[in-house]
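Novice: I have a structure I would like to understand better, so I am pasting it below and will then ask my questions one at a time.
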Amino acid sequence: MTVKNDKTHWVYGSALVLLSFVFFQSFYAYHLFFKEQVQLFLYSAEYFLTYFDKPGWLARFAGDFLTQFFYLRGGGPAVLSALFLIEWLLITKILRQINHSSTPYLWALIPVGMDWVLHTRLSHPVSVSAGTILVLLFFLAYRCISNHKIAFIAGILLLFATYWLAGSAMYILLILLVLPANKNHRFPLYKQLVLVLLASFIPYLFYQKYLLTLQQAYLFPANQPSSLLLAASILLAVLFDFSTKNIQQNHYRILRFGLPPFILILVAFGLKSMANFNLEKILSLDSETYFGHPDQVLRLSEKYQLNNRYTAYYTNLALAQSGQLPEKLMEVYQPASDGLFLPVSQHENWLTILFSNEAFYLVGDMNMAQHSAMLGMTFSPYHRSSRMVKRLADINLVTGDYPAAAKYLRMLNKTLLHKKWATDRLNLIRNGESPNWLIRKRQQIAQTDSLRKAYDHLPSVQFLVGQNPENTIARDYLLCHLLLNKEIGAFRQLYDRYARQQNLPLPSAYSEALLVSLFQAGASQDELASYNIPSRKIREFINYSNLYERSGGNPEKLVELYGKSYWFYYHFATKTAMEP
Amino acid sequence: MNRKLYIFISILVLAFSACRHAIVPDTTKANQPDLFPDYTGVTIPVSIAPLNFNVNEAHSAIHAEITGTDQSGFSVSGKKFIQWPSRKWSELLAKNTGDSIRITVSIKQNGNWIQYAPFTIYISPDPIDYGLAYRLVAPGYEVYSKMGIYQRDLSTFQQSPIIENTLVPGSCVNCHSFRLTDPGYLNIHMRGPKGGTILKTGDEINLLNTKTPRTLSNFVYPFWHPSGNFLAYSVNNIKQVFHETKGKRVEVVDLASDVIVYDVKNNLTLYCDQLMSDSVFETFPTFSSDGRTLYFCASDAKEFPSEYQQVRYNLCSLAFDPETATFGTRIDTVFHASALGKSVTFPRPSPDGRYIMFTLTDYGNFSIWHDEADLYLLDVQSGECRAMDAVNSNRTESYHSWSSNSRWFVFSSRRIDGLYTRPFIAHLDENGNPGKPFLLPQENPGHHDALLFSYNIPEFINQPVKLDMHQVEHLLHTEGTKVEQRE
């Protein structure tokens, strides 16, 4: 069997692609969901024309087109796997053409593996892969030119065209044009220098026309310099393939069986160093919140046991949605009140701003939810977000601002995968219908006015509760906010005002906090009895107090029995600097 | 690039919409069509780009026939909306200048053509300036993100950026201002780590560091003196807060504000004690067309937040002598809005000196989030002031500016969706009567619907803005010129 006739080489590419699919589907799905959520691909000519404002328009258009399918379960992994397969095939073909080597399909695994690793970053867009594929196709077409003079001129023109169509993927073309491996089209040194200088100069030439910084112009459509590693990996593949031709002839079997595992190890190392599994967990909580699965959020949160404000934020949201916030408040990590609301501030990263609207929307603070969603969208990398547009549409449906809601819904109506969602809501407007969810949300809105600063969460929630004491989610957020900031006096005052007379079963955190407050105030037995605190809880409090005194306030003696009580939190929780 | 693309796509669209025969309607309706944008009965300048539109009713095809007074004209068909061929549009408008054109629209529903009653568009002989400059910004501005200042040729659909904050990430570009529509004299603020005020005077560009020991802040709301030698600015301590109830969203208030004048040639800040009173909020300064009067808005200082709804600005004036760069001594109240329980913002004198147009709102100075904000016109000679009912809506009408011949004005309005401001242009005849305004035309009438940015501070420009970006970028990496104070 000759090397050329060896059809088993498909196994290598297919295996890597299959592994990447399994990785993204099983271990990294939420990054891909999220990438779709911070994109909005519209089927309209107007939208299409916006791509011409920046370099690499075709790569960005193709990338965004493909990213829309990340909305579907399995869609992201399938799209990426398909792209990796195409990259592998094209690079194999190019290496075979320029090097006439026997194992191009092995070396082609390097860039594919690199692209896989890079796609674990939120900042690495699909447009980079799309641009790479475009450039590889251009190069294959370019190889049809046999005349050297024409090839040189075509190379120059192609560099410009590639920057226009594929942005920074132009460097891949440059690599393929000037590499010594490119025997049939090897240019003299001065011509190679001309091409290198030109490619270096093109982004500089256009950066002001495109209103980009110099760095952006050299990277576009990539957001981070790390995306250029894909071009670098293609360079490596070409060089390795070229420089190991003898080894390929003499040690074909060693290469064939030794190189793929080595590349796999490199990929694994790359994944370990570049993939952010912690963020994947946070994004899973975020996306399941977006998909409307609070039970799944609670399940995942319990599984992860992460101690950060984002996990606390989404867990609290899910607990509040299921009415369990005051009952289970102390069962999860709480970074004071930072896990209830996320700040909308220029000092925060764009993810925090984008996440922040969920809590405002949940408690019924629609103006702040709108502000947060708008900023979340404009701060996201591409300034458009299908998820934020959906949220803005819902906010305006709730507030009855139908023209604004319809604007967002009409936009979503021009998408492929959010169209049905939009149509259903447009029908609500047309038919004047108010389903139960809309009625419930509308009941949360304040009927009288007050002013609030962007960061004044507490007065705002208090105002909402004052307007509508039946807004139990806002009430729980208010009371838990006070508890987590150890404002026991204010908690009891507001509990008395908004919750005490409702004769509901007393949740754990509230009963524990009330006992602290009543004890501090030296309340009478009658007063204690009037709160209907379960006698079991009173006994636990007495036991805790005794143990606290006996141990001299040693948390280690208390943590086992009372580590998840409010008493323990009240005594020992301290707030450190804000987490990243 | 974009222009060529537009032309290419237009040719394609025209080629595919070749079905330009008169249709025979199956049904005729007595009412005029419900268009978006509503171009029925508007007054337009002869040089305006085609008023492409859609009909707000479901249809499988749309047809429109346009005729001049001599019955010459043409018709266009489309699947989704009407897109007039630019050359024929321009020719027809030129032939009917000072007169009107008539448009008959038909739509196809369930295989039947329904024809509406024709409507008229008036073509004013008054020319309009070359274009508009505006900022496109998401309607939430407490922190900076993607935004830019753009210019638009009014005779075509071409929009090009003047500056975007992608050039300096983390910055905010705002408050572009031109001297009487002349982009040779340009003010743009860039806020952020590499901020400053970009000032273009003819061929010279400078970056100003405008914070002085005596002023509350960097220079904020600008207005050019007609000579180009001075700029009036407010300096403000601004706070943004949010409403809790629906119907109102954002409130932007001044905790303190003053007015100063900047002497461009001598790099001097000119102070006047009467414009810097602690007990008065002074803001939105403008010069009269002869440059001898400084108008501004003034309110008694009030406590925030308890009295924010009692902050009501009157339109005031103070004499200014450009030869000696000195102020008068007496402040006059030109329009006593607070006596009416109202508040004046954005006073803009017409270049011919006859009128001052301003926004009247219930309270405060940041009318762009006030649904009740409407445009008013003050006749400087007679003192008569009236609401511009023909251009106002039940949503916000706010920022406005005049064309160089005082016959057109552009204003921002939230009338379409209540959330995003859009620029409307209206004609003002020699008697001060406004025509029905029209929305800035777009090649695709769905453009505004798909845009997630507001048009902010629309200003006429009499020629394209030319800003040397190399120079601007270089300047933004310097400390800038520190403005001096006149002792």
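The values are calculated or read from the model by the stated rules, or taken from the named source; none is laboratory data. All figures in this text were calculated on a predicted structure; none of them were measured in a lab. With ideal geometry, Cβ positions are generated from the backbone for all residues, glycine too; neighbour counts draw on all protein chains shown. Ligands, DNA and RNA are excluded from the accessible area calculation, which covers all protein heavy atoms including side chains. Shrake-Rupley method; radii C 1.70, N 1.55, O 1.52, S 1.80 Å.
Novice: Mind checking the angle between helix B:2-16 and chain B's longest principal axis? C-alpha axes, 0 to 90 degrees, to the nearest 10.
Specialist: Rounded to the nearest ten degrees, it is 20.
Novice: Additional query: Averaged over its residues, how many other protein chain Cβ atoms are within 10 Å of peptide A:553-566's Cβ atoms? Don't jump to the answer; show the numbers that get you there.
Specialist: On the way: counts 0, 0, 0, 0, 0, 0, 0, 0, 0, 0, 0, 0, 0, 0.
Shielding by partners across A:553-566 averages 0.
Novice: Can you pull the Kirkwood radius for region B:223-285, inverse mean 1/r over Cα pairs, to one decimal in Å?
Specialist: On the way: mean 1/r = 0.0747 Å⁻¹.
One over the average 1/r among Cα pairs gives 13.4 Å for region B:223-285.
Novice: At a temperature of 37 °C and a viscosity of 0.692 mPa s, determine how fast the protein assembly as shown diffuses translationally according to Stokes-Einstein, using the Kirkwood radius over alpha-carbon pairs as Rh; express D in µm²/s, rounded to the nearest whole number.
Specialist: Working: Rh = 32.7 Å.
For the chosen part, D equals 101 µm²/s.
Novice: Count of lysine pairs in region A:9-275 with Cα atoms under 23 Å apart, counting only pairs 8 or more residues apart in sequence or on different chains?
Specialist: 9
Novice: Still on this structure, I have one more. Kindly provide log₁₀ I(q)/I(0) values, in the same order as q = 0.16, 0.18, 0.27 Å⁻¹, from the Debye equation applied to equal alpha-carbon scatterers of region A:100-176.
Specialist: Log10 of I(q)/I(0), two decimals: -0.67, -0.81, -1.25.
Novice: Sort largest first and round to whole Å: the equivalent ellipsoid semi-axes of region B:272-392, each the square root of five times a Cα gyration tensor eigenvalue.
Specialist: Numbers: eigenvalues 104, 79, 21 Å².
Rounded to whole Å, the semi-axes are 23, 20, 10.
Novice: So if I take the centroid of the Cα atoms in region A:63-131 and the same for region A:407-440, what is the distance between those two points in Å?
Specialist: Cα centres, region A:63-131 to region A:407-440: 36 Å.
Novice: At q = 0.10, 0.14, 0.17, 0.22 Å⁻¹, what log₁₀ I(q)/I(0) does region A:471-572 have when each alpha carbon counts as one equal point scatterer in the Debye sum?
Specialist: So the normalised log intensities are -0.27, -0.53, -0.77, -1.24.
Novice: Using a 1.4 Å probe and counting only protein heavy atoms, arrange A:Met368, B:Met469 so the residue with the most accessible area comes first.
Specialist: B:Met469, A:Met368
Novice: Place the peptides B:60-73, A:483-496 in order of packing, highest mean first, counting for every residue the other Cβ atoms within 10 Å and averaging per peptide.
Specialist: Taking the mean over residues of other Cβ atoms within 10 Å, the ranking is A:483-496, B:60-73.
Novice: At a 10 angstrom cut-off on C-beta neighbours, averaged per residue, how do the peptides A:351-359, B:447-455 rank from highest to lowest?
Specialist: Descending packing order for the listed peptides: A:351-359, B:447-455.
Novice: Can you show me the helix-derived [θ] at 222 nm for chain B, built from DSSP H runs with n ≥ 4 at -39,500 (n - 2.57) apiece and divided by the number of residues, rounded to the nearest 500.
Specialist: Calculated mean residue ellipticity at 222 nm is -2000 deg cm²/dmol.
Novice: To the nearest 10 square angstrom, what accessible area does A:Trp421 show with a 1.4 Å probe?
Specialist: 60 Å²
Novice: Sort A:Tyr218, A:Tyr51, A:Tyr304 from largest to smallest accessible area, using a 1.4 Å probe on the heavy atoms of the protein chains.
Specialist: Values: A:Tyr218 70, A:Tyr51 0, A:Tyr304 40 Å².
Result, largest first: A:Tyr218, A:Tyr304, A:Tyr51.
Novice: Please compute the contact order of chain A in relative form: average sequence separation of alpha-carbon pairs under 8 Å and at least six residues apart, divided by the residue count, as a percent.
Specialist: Reported as a whole number, the value is 13 percent.
Novice: Find out how many positive minus negative residues lie around B:Gly247, taking Lys and Arg as positive, Asp and Glu as negative, among other residues whose Cβ is under 12 Å from that of B:Gly247.
Specialist: -1
Novice: Helix A:294-304: angle to the longest alpha-carbon principal axis of chain A, degrees 0 to 90, nearest 10?
Specialist: The angle comes out at about 80 degrees.
Novice: Turning to a different aspect of this structure: What does the structure give for A:364-374 when I average, per residue, the other chain Cβ atoms found within 10 Å of the residue Cβ? Present the calculation step by step, with values, prior to reporting the outcome.
Specialist: Details: counts 1, 2, 6, 9, 4, 0, 6, 8, 1, 1, 7.
Other-chain Cβ atoms within 10 Å of each residue's Cβ, averaged: 4.
Novice: Here's another thing I want to ask about it. Among A:Leu235, A:Leu409, A:Ile473, pick out the residue whose Cα is farthest towards the positive end of the charge dipole of chain A, where Lys and Arg carry +1 and Asp and Glu carry -1 on C-beta, about the Cα centre.
Specialist: Looking along the dipole axis, the top candidate is A:Leu235.
Novice: Specify the angular offset, from 0 to 90 degrees and rounded to the nearest 10, of the alpha carbon long axis of helix B:86-95 from the longest principal axis of the alpha carbons in chain B.
Specialist: Between the helix axis and the principal axis of chain B, the angle is about 80 degrees.
Novice: Could you state the accessible area per residue of the protein assembly as shown in Å², with a 1.4 Å probe and every protein chain left in place?
Specialist: 39 Å²
Novice: Could you tell me which of rounded, prolate or oblate describes chain B, using a ≥ b ≥ c as the square roots of the eigenvalues of the alpha-carbon gyration tensor, with rounded for a/c under 1.5 and, failing that, prolate when a/b is larger than b/c and oblate otherwise?
Specialist: prolate
Novice: Same structure again: Excluding A:Glu433 itself, what net charge comes from residues whose Cβ is under 15 Å from its Cβ, given Lys and Arg +1 and Asp and Glu -1?
Specialist: Numbers: positive: A:Arg425, A:Arg430, A:Arg440, A:Lys441, A:Arg442; negative: A:Asp394, A:Asp424.
In short, +3.
Novice: How big is the accessible area of A:Phe139 in square angstrom, nearest 10, if you roll a 1.4 angstrom probe over the protein chains?
Specialist: Per-residue accessible area (A:Phe139): approximately 0 Å².
Novice: In nm², what is the average projected area of the convex hull enclosing the Cα atoms of region B:184-266?
Specialist: 7.4 nm²
Novice: For region A:9-275, how big is Rg over Rh, using alpha carbon atoms and the Kirkwood form of Rh?
Specialist: The Rg/Rh ratio comes out at 0.97.
Novice: Hey, another quick one. Can you put B:Glu251, B:Glu57, B:Glu430, A:Glu556 in order of accessible area, largest first, using a 1.4 Å probe?
Specialist: Values: B:Glu251 5, B:Glu57 65, B:Glu430 110, A:Glu556 150 Å².
Sorted by accessible area, descending: A:Glu556, B:Glu430, B:Glu57, B:Glu251.
Novice: Which of the three applies to region A:144-216, rounded, prolate or oblate, going by the alpha-carbon gyration tensor with a ≥ b ≥ c and a/c under 1.5 meaning rounded?
Specialist: On the way: a/c = 2.36, a/b = 2.10, b/c = 1.13.
Taking the square roots of the gyration eigenvalues as a ≥ b ≥ c, region A:144-216 is prolate.
Novice: Which aspartates and glutamates have a Cα lying under 17 Å from the Cα of A:Lys441, excluding residues fewer than 8 positions away in the same chain?
Specialist: Within the straight-line limit of under 17 Å, A:Lys441 reaches these aspartates and glutamates: A:Glu358, A:Asp365, A:Asp394, A:Asp401, A:Glu433, A:Glu470, A:Asp476, B:Glu244.
Novice: If you count, for every residue in A:411-418, the Cβ atoms of partner chains within 10 Å of its Cβ, what is the mean?
Specialist: On the way: counts 5, 0, 0, 3, 0, 0, 0, 0.
Average neighbour count from other chains, rounded to a whole number: 1.
Novice: While we're looking at this one, here's another question. Please work out how much accessible surface A:Lys245 shows to a 1.4 Å probe, ignoring ligands, DNA and RNA, in Å² rounded to 10.
Specialist: Per-residue accessible area (A:Lys245): approximately 60 Å².
Novice: Can you tell me which lysines have their Cα less than 24 Å from the Cα of B:Lys29? Leave out same-chain residues fewer than eight positions away.
Specialist: Partners found: B:Lys79, B:Lys80, B:Lys108, B:Lys436.
Novice: Under 20 Å from the Cα of B:Lys482, which lysines turn up, not counting those fewer than eight places away in the same chain?
Specialist: Qualifying lysines at Cα under 20 Å: B:Lys194, B:Lys200, B:Lys211, B:Lys265.
Novice: Return one quarter of the surface area of the convex hull spanned by the alpha-carbon atoms of chain A, equal to its mean projected area, in nm².
Specialist: Averaging across all directions leaves 32.5 nm² for the Cα convex hull.
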